[in-house]
1. When you take every Cα atom in the stretch B:12-69, what is the radius of gyration, and what is Dmax, the widest Cα pair distance, in Å?
2. Compute the whole-percent fraction of alpha carbon pairs in the stretch B:34-113 spaced more than 20 Å apart.
3. Would you mind getting me the FRET efficiency between residue B:64 and residue A:31? Use the beta-carbon distance for r and R0 = 35 Å, nearest 0.05.
4. Quick one: Cα centre-to-centre distance for the stretch B:76-113 and the stretch A:60-110, in angstrom?
5. Quick check for you: which residues of the stretch B:83-99 have the amide N under 18 Å from the point 7 Å beyond the Cα of residue B:39 toward its beta carbon?
6. Please state the relative contact order of the stretch B:16-113 as a whole percent: Cα pairs under 8 Å, 6+ residues apart?
7. Send over the per residue convex hull volume for the protein assembly as shown, Cα only, as a whole number of Å³.
8. Per residue and in cubic angstrom, what volume does the convex hull of the Cα atoms of the stretch A:16-66 have?
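Values in this text are rule-based calculations from the coordinates and carry no lab data. Here the structure is a predicted model, which means the values were calculated and not measured. Reconstructed Cβ throughout: ideal geometry from the backbone, glycine too, with neighbour counts over all protein chains shown.
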């Protein structure tokens, strides 16, 4: 069967490796999903988004995967760099009100 | 271009005092949002503006909280008679239109003593 990635509050990754951050969302009516990165003392920074009519979208070094069947979202970061250390939030909405996940703290080991 | 700006960046106040937090959205963005981020908790929605009107105030925690937006641009979030539980980071975001990508400001860190 299909496995659903477990949401982990923290993720430690070796520099240069790929990172996968998972998020389970709650509202089956949500049709727009966003990943944000938040560094200490700063506001959330937009990374990448995806609408419900897609299941994959790629950006620069990042890929978002959406599985609507199991209400799961993931963010893949290729060749993780020290500057990727931050808290990553997924957010969902079907109107204008964003609902945020708990966040995953990513620490990149040199 | 310039992003969302917020002021002050930090605010320390005494319990019972009123505070005003300011947000300057990205130029041309018609929608503006306020969120609150408390320590150990995620971001929670407070209020949304489309133009100068606020069709959704459902997230405001109590009647001590109010917000306004003038000229379709700057917004002010006011907290009256602050309480210690109001201590949090208050984040503002704007989007070009409703249901488009929201871009966040750096936040105002409020500490109520």
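1. Reported Rg and Dmax, both Å: 12.7, 37.
2. The share of Cα pairs beyond 20 Å in the stretch B:34-113 comes to 29 percent.
3. Plugging the Cβ-Cβ distance into 1/(1 + (r/R0)^6) gives 0.55.
4. 22
5. What the label zone holds, given the 18 Å backbone N cut-off, is B:83-91.
6. For the stretch B:16-113, the relative contact order is 34 percent.
7. It comes to 129 Å³ per residue, whole-number rounded.
8. Here the figure is 106 Å³ per residue.
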